[in-house]
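Below is one structure; the comments refer to it alone.
The values are calculated or read from the model by the stated rules, or taken from the named source; none is laboratory data. Fair warning: this is a prediction, and the values are worked out from it, not measured in the lab. A quick note on method: Cβ atoms are made from the backbone with ideal geometry, for glycine too, and the neighbour counts reach across all protein chains shown. Accessible surface is based on the protein model in full, side chains and every heavy atom, while ligands, DNA and RNA are left aside. Shrake-Rupley method; radii C 1.70, N 1.55, O 1.52, S 1.80 Å.
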Amino acid sequence: MNAEQQALEYDVVVVGAGAVGENVADRAGRGGLSVVIVEDELVGGECSYWACMPSKALLRPGAVLAGARAVPGASEAVTGGIDTAATLARRDRFTSDWDDAGQARWLEKTGIDLVRGRARFTGPRELSLEPDDATLDAAPAGTVLRARRAVVVATGSVPVIPPVPGLAECEPWTSREATSAETVPASLVVIGGGVVACEMAVAYTDLGAAVTMLVRGDRLLDRMEPFAAQEVEESLMELGVDIRFGVEAVRAARQDGRTTVELSQGGSIVADQVLVATGRRPGTGDLGVEALGLEPGRPLAVDDAMQVTGVEGGWLFAAGDVTGRTGTTHQGKYDARVAGDVVAARFSDGPAAAEGAAAEERAAAPWSRYRATADHAAVPQVAFTRPEVSAVGLTEQEARAAGMAVRAVRYDLGNVAGASVAADGYRGTAQLVVDDARGVVVGATFTGPDAAELLHAATIAIVSEAPLDRLWHAVPAYPTVSEVWLRLLETAGL
Ligand SMILES: Cc1cc2nc3c(=O)[nH]c(=O)nc-3n(C[C@H](O)[C@H](O)[C@H](O)COP(=O)(O)OP(=O)(O)OC[C@H]3O[C@@H](n4cnc5c(N)ncnc54)[C@H](O)[C@@H]3O)c2cc1C
Ligand SMILES: NC(=O)c1ccc[n+]([C@@H]2O[C@H](COP(=O)([O-])OP(=O)(O)OC[C@H]3O[C@@H](n4cnc5c(N)ncnc54)[C@H](O)[C@@H]3O)[C@@H](O)[C@H]2O)c1
């Protein structure tokens, strides 16, 4: 280090101020440790500005409109379609116009120091900082950041653009552009069939674009139950989306503001815009992890205490998308709470130590607050498509592959009294995957309007390993859609 270089030293350095990094920093700091968080772009990360919040803001008007149209008495009041300008304006409010001042203030109030710039490992517990030229309050070039105790990596993930000749040169949309667009293209080709592809196909169809999906496999949402994917496929087709299965883009070119995509089965499609939604890779490509003996571009594998397994010394932790272990904000934040609490317990000599946290953490068993056990048993996810799909735990196929003798118990939500009150012609399905040997639920999937709100009861049932004959005593209110729980238990034989 030369004389002009500044060195900053803290107990804990958190790299990445997305939702996950913020939560790690908060929990670690509660133990009395000094904490700094480094952020290269906006405090709040992907979820706040280019993912969860803006995408849900784009999807909500269509869901509300469909809900109103399904209820006579309200449907007569619906005299128009979606107002694009108002939808985009509300989306902009959700992202605070891509200004992170509010979240930066929260860090300050919480006692966490923020350093703006790009961090790279130079060795154990040490990182160099490169300022982002666009950031006025960035740390000076050459600043060195040292952690006395621990570093927690929460650098998220970045979209993958497949190596299709010409595609990158066409500057296709990724989820970032799709969630922050100021205008709606007349036509949009979506490459992929996962959650981003399906959600954005719904949103942009609602906003008036003609959407074509190129799906290389033979189904959508390949990590969810096949029946749920089938229902989403049917409803996308009813909305007017042109879904092409077993098709890949083989070449792309952009001319006069339009992109031509050549297809693997011959022929081509021309569209105003292409959205690439083919998954993400962990944010370790430009992090200097080679200085720690790790391979750039690979996920940081962690144990259930969120400690990185490939590095000696017990000082390196990771949480969120960068671990490859979770792909959602809520589960990443759960891992963040574990990571922050573990760091506070292991390294703090303040109040946490006085309460015997270190010993408790050392002896921690599964389901202790110091171990991210739910990652193996009960990860919830919602696709905010129409119908919504919500799922937690194992699919029937995953449970069988894990050697469990399971039974899928299914019920048509349209036959539940509460659903018929919620909407005329309510369509949806509920399924529990039941492990008969233990008499417990190991997986659940719900489809239908507002199916997201049915999910948490299933998550609680799985995490608590509540026996079916005890769930029988959890009486759902009448007439709610949740009454499907009673129907499912009856169908299971109770
Ligand atoms: C379109 C879309 C919609 C989604 N919708 C949902 C949803 O509805 N619900 C849900 O739960 N999940 C959703 N997700 C997933 C969710 O966005 C991610 O799981 C979540 O953002 C991960 O949080 P994170 O903190 O791990 O990473 P990020 O949010 O990516 O944060 C990482 C931060 O680290 C910073 N950073 C990276 N490298 C460095 C470095 N070297 N130095 C300094 N800073 C660095 C980045 O700038 C970034 O701010 C969605 C994802 C997409 C793409
Ligand atoms: N509501 C939510 O919780 C939500 C919403 C959106 C995204 N996310 C998360 O964001 C992450 C990214 O989502 P995603 O949909 O981009 O990824 P994904 O992994 O869910 O889906 C990727 C899709 O692209 C396809 N694909 C991959 N490579 C391809 C190629 N070369 N050519 C054609 N198709 C290809 C896959 O078969 C799959 O259908 C996931 O972790 C997801 O869970 C969550």
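Observations on the model:
- Considering only alpha-carbon pairs that sit under 8 angstrom and 6 or more positions apart, the relative contact order computed for the stretch 242-391 is 12 percent.
- Beta bridge orientation in the chain: antiparallel %, DSSP, nearest 5: 55
- Cysteines, the chain, no other Cys beta-carbon under 4.7 Å: Cys170, Cys198
- Using the 1.4 Å probe convention, the accessible area of the stretch 243-358 works out to 43 Å² per residue with neighbouring protein chains retained.
- Put simply, the amide H of Glu248, placed in the peptide plane, has neighbours under 5 Å in Ser264, Gln265, leaving out anything fewer than 5 places away on its chain.
- Counted charge near Val308, where neighbours are those whose Cβ lies closer than 12 Å (Asp, Glu -1; Lys, Arg +1): 0
- The chain: calculated mean residue ellipticity at 222 nm from DSSP helix runs of at least 4, using -39500 (n - 2.57): -9000 deg cm²/dmol
- Net dipole in debye of the stretch 30-188 [+1 Lys, Arg Cβ; -1 Asp, Glu Cβ; about Cα centre; nearest 20]: 820
- With a cut-off of 12 Å between beta carbons, the residues surrounding Gly257 carry a summed charge of -1, where Lys and Arg count +1 and Asp and Glu -1.
- Dipole of the stretch 358-468, positive end: most advanced residue of Gly403, Ile462, Ala374 [Cβ charges, Cα centre]: Gly403
- When restricted to Cα atoms, the chain yields an Rg and a Dmax of 24.2, 76 Å, respectively.
- In Hz, Karplus ³J(HN,Hα) per residue of the stretch 255-270 (6.51, -1.76, 1.60; θ = phi - 60°; x = Gly, Pro): 8, 6, x, 10, 10, 9, 10, 7, 10, 4, 8, x, x, 8, 10, 10
- 1.4 Å probe accessible area per residue over the stretch 387-491, in Å²: 46
- In plain terms, the bigger the Kirkwood radius, the slower the diffusion; for the stretch 29-75, with that radius from Cα pairs, at 4 °C and 1.567 mPa s, Stokes-Einstein puts D at 91 µm²/s.
- Cα pair distances in the stretch 387-491, grouped into 5 Å bins until the bin that holds the longest one, percent each: 2, 14, 25, 27, 18, 10, 4, 1, 0
- Percent accessible area from carbon and sulfur atoms, the chain, protein chains only, probe 1.4 Å: 50
- Amide H contacts under 5 Å for Met213, placed H, 5+ residues apart: Val190, Asp242, Ile243, Arg244
- Förster-model FRET efficiency, 45 Å R0, Arg223 and Glu312, C-beta, rounded to 0.05: 0.85
- Spin-label model, Thr122/Ile460: points 7 Å from Cα along the beta carbon direction are separated by 5.2 nm.
- Computed magnitude of the charge dipole of the chain (debye, nearest 20; Cβ of K, R +1, Cβ of D, E -1): 660
- Remark: the stretch 168-278 carries a charge dipole of roughly 300 debye about the Cα centre, counting +1 on each Lys and Arg Cβ and -1 on each Asp and Glu Cβ.
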